[in-house]
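S.K.: One structure is given below, represented as structure tokens, and several questions about it will come after.
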Amino acid sequence: MTDTTVTLTGTGTPLPVPGRAGPGTLVRRGDWAAQVDAGRGTVLRLAELGLGCPDIGLLALTHHHSDHLVGVADLVLTRWVQGGFDPLPVLAPEGPTARFARRLLDGWADDIEIRRRHTGRPAPQGPDVLAFDPPAAPAVVWRSADAEVSAVSVRHEPVEPAVAYRFDTPSGAVVVSGDTRVCAEVEALARGADVLVHEACRGAAVRERGKRFIADYHADTVELGAMAERAGVGTLVLTHLEPAPRTDEDAAAFASEVRRGGYTGRLLVGEDRLTVPAGEPAVQHG
Ligand SMILES: [Zn+2]
Ligand SMILES: [Zn+2]
């Protein structure tokens, strides 16, 4: 029985859609938990999963786009309010994302000072920013007894850098794409992974709606199906769904386009709080 799972804390995009929090993915191995990105509503999704912010042992950020970052200050400040006084390790590619993380609490200095004096609790130490140069080929950027984390640069131009992450634990391998077009870099990172959580954009549908600029830097569903098949991933989980599905038919359209691309493994169209054990049949929670 594996003790490695991946949970979608948010499957949305910048546009608010009922039931879909901002982008975020939770990777757990036993009691250890890592959050990848923290979009709007992430802290609420964690609470619904029975987790407090101090339960997060690592935050990994993919790129500097607000939909992936607006929940980060909430996560760090709420962690402090919930009694997490040690600095949260934050992985970030060097550049705008790392700068954002270093300045995260600047706007909250007065609030922090008043709470600190009022409650007598120690001041938060701010995030422990672990910046790395975004690697052109998959490279290890962090390791512990629970997981080895690798990163690779992805293709989300003009937003640079942007990275994907892979978590190799003793009981499974999980890859989270962040935002990217379908690219060889994620294919290399995802090779043989148990679970690939990948952003998905129905390119033809988005272009029909006059939103070519969105399709230009996101992952086309048909191309994604072909890539995931080549990479040989056991389960493909679609997230960051564009356009957001509002009906079962909308969700089925994502799946059928990925199948048209050639993917034959287990395929799940993401919903918030979907939890997938690495290497075992998928389980829906909540
Ligand atoms: Zn995004
Ligand atoms: Zn983005």
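S.K.: Check each of the trypsin sites (Lys or Arg not before Pro) in segment 195-275 and keep only those in coil by DSSP with at most 12 other C-beta atoms within 10 angstrom; list them in order. It would help to have the intermediate numbers written out before the result.
M.R.: Details: sites: Arg202, Arg207, Arg209, Lys211, Arg212, Arg230, Arg246, Arg259, Arg260, Arg266, Arg273; in loops: Arg202, Arg209, Lys211, Arg246, Arg273.
Qualifying residues, ordered by number: Arg209, Arg246.
S.K.: Output needed: percent of Cα pairs per 10 Å distance bin for segment 14-124, bins running from 0 to the one holding the longest distance.
M.R.: 14, 46, 33, 7
S.K.: Still on this structure, I have one more. Working from Cα positions, state the angle (0 to 90°, nearest 10) between the long axis of helix 72-81 and the longest principal axis of the chain.
M.R.: Taking the Cα atoms of the chain, the angle to 72-81 is about 40 degrees.
S.K.: Now for a different question. Cα axis of helix 109-119 to longest principal axis of the chain: angle in degrees, 0 to 90, nearest 10?
M.R.: 60 degrees
S.K.: Which order do Tyr165, Tyr263 fall in if you start with the one that has the fewest other Cβ atoms within 10 Å?
M.R.: On the way: Tyr165 27, Tyr263 23.
Ordered by Cβ neighbours within 10 Å, fewest first: Tyr263, Tyr165.
S.K.: How large is the helix-only mean residue ellipticity at 222 nm for the chain, computed as the sum of -39500 (n - 2.57) over DSSP H runs with n ≥ 4, divided by its residue count, in deg cm²/dmol to the nearest 500?
M.R.: On the way: 10 runs with 81 residues, N = 286.
Taking each H run of at least 4 residues, the total per residue is -7500 deg cm²/dmol.
S.K.: Still on this structure, please answer the following. If each residue of separation counts as 0.36 nm, what is the full-extension length gain between His118 and Glu160 once their alpha-carbon separation is subtracted?
M.R.: Details: separation 42, 0.36 × 42 = 15.12 nm, distance 4.13 nm.
Using 0.36 nm per residue and subtracting the Cα-Cα distance, I get 11.0 nm.
S.K.: Over segment 4-280, what is the percentage of antiparallel beta bridges among all DSSP beta bridges, to the nearest 5? Spell out each step's value before the answer.
M.R.: Numbers: 31 of 55 bridges.
Counting DSSP beta bridges with both partners in segment 4-280, the antiparallel share is about 55 percent.
S.K.: On full extension of the chain, what length is gained from Leu44 through Tyr217, given 0.36 nm per residue of separation minus the C-alpha to C-alpha distance? All intermediate terms of the calculation are to be shown ahead of the outcome.
M.R.: Numbers: separation 173, 0.36 × 173 = 62.28 nm, distance 2.88 nm.
Answer, rounded to one decimal: 59.4 nm.
S.K.: Given a cut-off of under 8 Å on Cα pairs at least six residues apart, what relative contact order in percent is computed for the chain? Working shown, then result.
M.R.: Numbers: 686 pairs, mean separation 50.4, N = 286.
Relative CO of the chain lands at 18 percent.
S.K.: Evaluate the chain: find the radius of gyration of its Cα atoms, find its Kirkwood radius, and give the ratio Rg to Rh. Don't jump to the answer; show the numbers that get you there.
M.R.: Numbers: Rg = 18.1 Å, Rh = 18.8 Å.
Result: Rg/Rh = 0.96.
S.K.: Which of rounded, prolate or oblate describes segment 19-62 when judged by the alpha-carbon gyration tensor and an a/c cut-off of 1.5? Present the calculation step by step, with values, prior to reporting the outcome.
M.R.: Details: a/c = 2.00, a/b = 1.25, b/c = 1.60.
Since a/c reaches 1.5 but b/c is at least a/b, the shape of segment 19-62 is classed as oblate.
Any read-out appearing in this document is the output of simple, stated calculations on the displayed coordinates, not a laboratory observation. In this text the structure is predicted, and so the values were computed from the model without any measurement. Every residue, glycine among them, receives a Cβ derived from its backbone with ideal geometry; neighbour counts consider all protein chains shown.
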